[in-house]
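The values are calculated or read from the model by the stated rules, or taken from the named source; none is laboratory data. What you see is a predicted model; the values in this text were computed from it and never measured. No Cβ is skipped: glycine too gets one built from the backbone with ideal geometry, and neighbour counts run over all protein chains shown.
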2 protein chains.
Amino acid sequence: MNRSPGRSDDAAPGVGTVEEVLALVREHGGRVTSSRRLLLRALFDTPGHRTAEELAEEVQAQAPDVHLSTIYRNLDELERLGVVVHAHLGHGPATYHLAAGAHGHFVCEECGAMIEAPDELFQGLSQTARDRFDFEINPHHFAVLGRCRDCR
Amino acid sequence: MNRSPGRSDDAAPGVGTVEEVLALVREHGGRVTSSRRLLLRALFDTPGHRTAEELAEEVQAQAPDVHLSTIYRNLDELERLGVVVHAHLGHGPATYHLAAGAHGHFVCEECGAMIEAPDELFQGLSQTARDRFDFEINPHHFAVLGRCRDCR
DNA sequence: GTGCTTGCAAACGTTTTGCAGACTC
DNA sequence: GAGTCTGCAAAACGTTTGCAAGCAC
């Protein structure tokens, strides 16, 4: 396991723009490249959940030669820096979004509909897990499956 | 999506033993084969969470020719019959166990430690999701990640 | 004998990796 | 110039599928 080794402080402050993130990258010994900038622009411009493949398509609209593996490598690094997080919403590919807007997810196992769940919803569970097991939950990573209104 | 099409009633009664499950299989037009019986024995004998590969190894200890794909196909059918469920506890392979003992999971993202979470822990969240979104959660499928006592 | 089930090999979708060349600083 | 980053191809991983032979009923 140990999927977030060496990650820096959560939701690092001062990373509200593409250029601020690039400055952070530089601070950590990274280079500022055009694929990195384009990926960040895609992430900042539309704040939804997107798979690596979808992000690659957006980047490739500007720079067709950027390879999917570059997208994965850059997402990895941005995750290590605490700028991006990924979540699993179902059995398909992971989805990525800015760490700043992190939240839980309810996903219908019937139709795939997704509801963004504000963190407060998890406060009770969070408290109980802490009290009973000394366990600090992070409700963002895996979706909570179930049935939505329409599929019940 | 729609990962559980045509699944019969949850936690079907009278499937507390290998032979009872095999009777159920037969009722649904399935055949009783030795690989099926061995897989069920593995599932009933040790009630932990195991991956398809681990179950295959256990079955192969008795019948070396049983192929991993047979394990997957049988697990699939048993899941359709409501006898088995699978859960995702991390980034690796899915784990399978008997549906009768279904429960939620807390998994440490640092060390991988897993805590079985009784359903009552999710009652609050369950209620809120129903009230706010008309969403009926199934807290068993994806683990809730976080940090365990030792890794905090 | 019907038709479900199996072993095998091959494919799948997602993600990771090794490498040599290209780039940033 | 040192060291990071890239494109590409190939591999890795867990899982699914097509097929012809084999088995349960």
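Residues that are within 16 Å of DNA strand C (Cβ to nearest atom) and either within 23 Å of A:N74 (Cβ to Cβ) or out of contact with any strand residue (DSSP E or B) (no Cβ under 8 Å at 6 or more places or on another chain) (or both) within region A:90-115 comprise A:H91, A:G92, A:P93, A:A94, A:T95, A:Y96, A:H97, A:G112, listed in sequence order. Residue pairs whose Cβ atoms lie under 6 Å apart, sitting 6 or more positions apart in sequence or on different chains, and linking a residue in region A:113-126 that is under 12 Å from A:H140 (Cβ atoms) to a partner that is part of a strand (DSSP E or B) and of a type in the set (S, T, Y), do not occur here.
Among the numbered criteria (1) more than 23 Å from A:A23 (Cα to Cα); (2) away from DNA strand D (no atom under 12 Å from the Cβ), which single criterion is violated by A:P64? Result: A:P64 passes all but (2). Looking only at residues in region B:119-149 that are more than 7 Å from every other protein chain (Cβ to nearest Cβ) and within 16 Å of B:V85 (Cβ to Cβ), the one that is surrounded by the most Cβ atoms within 10 Å (Cβ to Cβ) is B:H140. Looking across region A:83-100, just one residue is within 14 Å of chain B (Cβ to nearest Cβ) and either within 9 Å of DNA strand D (Cβ to nearest atom) or touching a residue at least 60 places away in the same chain (Cβ under 8 Å) (or both), and that is A:H91.
Kindly indicate which of A:R41, A:R36, A:R50 is free of Cβ contacts under 8 Å to residues at least 24 places away in the same chain and either assigned by TED's automatic domain parsing to the domain that holds A:C111 or basic (K, R) (or both). Don't jump to the end; show me each part of the working.
Numbers: A:R36 fails: free of Cβ contacts under 8 Å to residues at least 24 places away in the same chain; A:R50 fails: free of Cβ contacts under 8 Å to residues at least 24 places away in the same chain.
Going through A:R41, A:R36, A:R50 in turn, the sole match is A:R41.
Summed over region B:33-77, the residues that are away from DNA strand C (no atom under 11 Å from the Cβ), closer than 24 Å to B:N138 by Cα and hydrophobic (A, V, I, L, M, F, W, C) give a count of 3.
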